[in-house]
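Values quoted throughout were computed directly from the atomic coordinates according to the rules given, and no laboratory measurement underlies them. From a predicted model like this one, the values you see are computed outputs, not experimental measurements. In this analysis, Cβ positions are derived from the backbone assuming ideal geometry, glycine residues included, and neighbour counts consider all displayed protein chains.
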Amino acid sequence: MRLKRFLIGLLALIVLAVVGVLGWLMVAPPELLRIADGYAAKIICSNVFLANRDPQQVLDVDVTAAGNPVLKYIKQSVDRDGGTVTAKMLGFIAPMTAVYRPGLGCTLAADGNVEAVRKIALSTQPVIARLPDAPWPEGNNASTTDPRIAAILDDPKMTGPGMRALVVVRDGRIIGERYGQGFDQNTPLLGWSMTKTLNGVLLGMAIGDGKVSLSDKGLFPAWSDRRKDITVAELAAMESGMVFEENYGEVTDVTQMLYLEPDMAGFTEKKALVAAPGSKFSYATGVGMELARLWMDKQPDAQTALSFPRERLFGPLGMTTAILETDEAGTFAGGSYGYASGRDWARLGQFLLQDGTWNGQQLLPANLVTMMETGNGYPGGYSQYLTWLEGPKEDDATHFGLPKDTFWMSGHDGQSVAMIPSAKLVVARLGLTPTDLGWGPEPMVKAILAALGP
């Protein structure tokens with residue numbers, strides 16, 4: 001009888017403990033669970049409403065590729081009429097919702113305020129003219145693959161696991177492209193940190209307008225201390241001297257900013273100065289938010305700022321699939337959330353290869369492209385202006401024999417655009433290729449160069 005009472009009491013304690021833990025998780029979930037659900041809601045939302053992909057497939061493939069085992073326990077729900085995606089751990093813990101708006105893509109309601117996100121919207125949709133029936137990039141027609149590179153593009157070891165889009169451009173024309181199953185020339189794909197370069201182009205246009213200068217200081221009201229000496233040029237070269245944890249595996253500055261903060265730029269602007277501006281290289285996604293807010297605040301009003309990417313870049317270049325998404329405060333996520341098809345990422349690469357000219361018009365100050373091709377003076381392989389001079393798998397001790405003038409857009413999970421002016425070559429490759437798989441684009445780019453010859 002005593003044993004029976006003991007077991008009943010033990011069971012009651014276990015039930016109470018489980019109920020208590022579940023209640024705690026529901027009322028005050030740990031930040032890591034909120035980040036996991038926020039990540040899932042945001043990624044699923046963009047892929048469903050921009051790329052028309054199946055939400056469960058995105059959860060099962062894209063979201064879980066991040067590697068954290070807790071991601072396997074997330075449940076998702078999509079409200080297509082309301083334009084929302086909600087993700088919850090185990091179906092009821094730490095719910096996070098992302099909201100879609102036409103022309104602006106998806107934004108995570110980091111603080112749960114869905115209506116605040118809905119208010120960040122374009123009052124009118126800037127129209128990007130339909131491309132004419134003409135060869136790429138003036139139109140969207142591409143010839144058959146150059147036979148010299150066909151074998152390279154058909155080799156999975158070269159193109160890498162999880163390849164979703166691969167576009168090769170020589171002399172301003174597409175000479176070969178490949179797409180993964182379920183993806184095609186019109187599928188918008190996330191560039192991750194390639195967005196920093198895209199954002200840099202928009203900043204460059206504001207510089208060309210005379211609204212911003214590379215030498216500007218005192219950039220934000222909160223920077224009344226030593227941070228007032230940080231220049232735009234130092235931000236663009238990743239030399240601000242401010243602290244920022246760039247680690248995606250846990251709760252760090254970058255994951256907190258992307259999935260817990262409604263005002264991402266405001267969060268990064270509060271980071272402390274730990275080194276003299278211009279004294280060292282320190283890569284930080286938060287810089288993309290600061291620069292986006294900087295050029296957006298220089299526009300006449302919020303609607304002009306929100307329309308700026310389409311009016312000034314996507315429209316003129318014919319980037320019909322491109323979307324730059326915002327945070328809840330309405331600032332473009334200029335370090336992470338740019339979507340475009342493989343062909344449109346290649347268009348951006350070709351634009352930079354042409355020193356910022358398009359159809360005979362100089363749309364970007366040419367000196368900025370020169371800065372993109374010039375080192376920032378510190379180890380790390382970064383340029384003076386929001387590009388990389390070393391590929392994703394290169395470092396100071398290992399090089400792949402690519403031409404010295406090669407420069408890159410590079411993003412998380414295998415996104416890259418290699419630009420080689422001397423060879424008049426652009427190679428855009430996007431996919432889902434986590435870094436632990438060990439693949440990099442450099443051998444593929446080198447093989448394409450060798451096959452094409454001088």
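Points to keep in mind about this one:
- Those aspartates and glutamates that a straight Cα-Cα span of less than 17 Å connects to K157, excepting residues fewer than 8 apart in one chain: E177, D413, D436, E442
- Mean separation of Cα contacts under 8 Å, 6 or more apart, over the residue count of the stretch 86-233: relative contact order %: 10 percent
- Between the helical axis of 2-27 and the longest alpha-carbon principal axis of the chain there is an angle of about 40 degrees.
- Theoretical gain in end-to-end length, D405 to A272 [0.36 nm per residue, Cα-Cα removed]: 44.4 nm
- By other beta-carbon atoms within 10 Å, ranking W439, W223 with the fewest at the front produces W223, W439.
- Cross-linked pairs K196/K280; K211/K270; K72/K196; K196/K228; K72/K393: Cα-Cα separations exceed 26 Å for K72/K196; K72/K393.
- Candidate aspartates and glutamates - alpha carbon under 16 Å from K271, same-chain residues fewer than 8 apart omitted: D225, D229, E234, E239, E245, E246, D253, E261, D263, E290
- Listed peptides 364-370, 348-354 appear in the order 348-354, 364-370 once ranked by packing, highest mean of other Cβ atoms within 10 Å at the front.
- Distance in nm between pseudo-label sites at N52 and N141 (7 Å out along the Cβ direction from Cα): 2.3 nm
- Taking label positions 7 Å along the Cα-Cβ direction at both S213 and R80, the computed distance is 5.3 nm, reported to one decimal.
- If the chain linking V61 and V251 were pulled fully straight, counting 0.36 nm for each residue of separation and taking away their Cα-Cα distance, it would gain 66.2 nm.
- Cβ-to-Cβ counts within 10 Å put S215, S336, S307 in ascending order as S215, S307, S336, the fewest first.
- Degrees between helix 31-49 axis and first principal axis of the chain (Cα, 0 to 90, nearest 10): 50 degrees
- Per DSSP, loop trypsin sites (Lys or Arg not before Pro) in the stretch 364-451 with at most 13 further Cβ within 10 Å: K404
- Calculated FRET efficiency for the pair R226/R173, C-beta based, R₀ 56 Å, to 0.05: 0.65
- Label sites at D155 and S422, each approximated as a point 7 angstrom past Cα along Cα to Cβ, lie 2.2 nm apart.
- Remark on M163: its backbone amide H falls under 5 Å from those of L432, a criterion applied only to residues 5 or more positions apart or on other chains, H modelled at 1.01 Å from N.
- Helical content of the chain, expressed as a calculated mean residue ellipticity at 222 nm, amounts to -9000 deg cm²/dmol (DSSP H runs of 4 or more residues, -39,500 (n - 2.57) each, divided by residue number, nearest 500).
- Compared with the dominant principal axis of the Cα atoms in the chain, helix 194-208 is inclined by about 60°.
- Near the amide H of Y382, within less than 5 Å, lie the amide hydrogens of N376, L389, all on another chain or at least 5 residues away, with H placed in the peptide plane.
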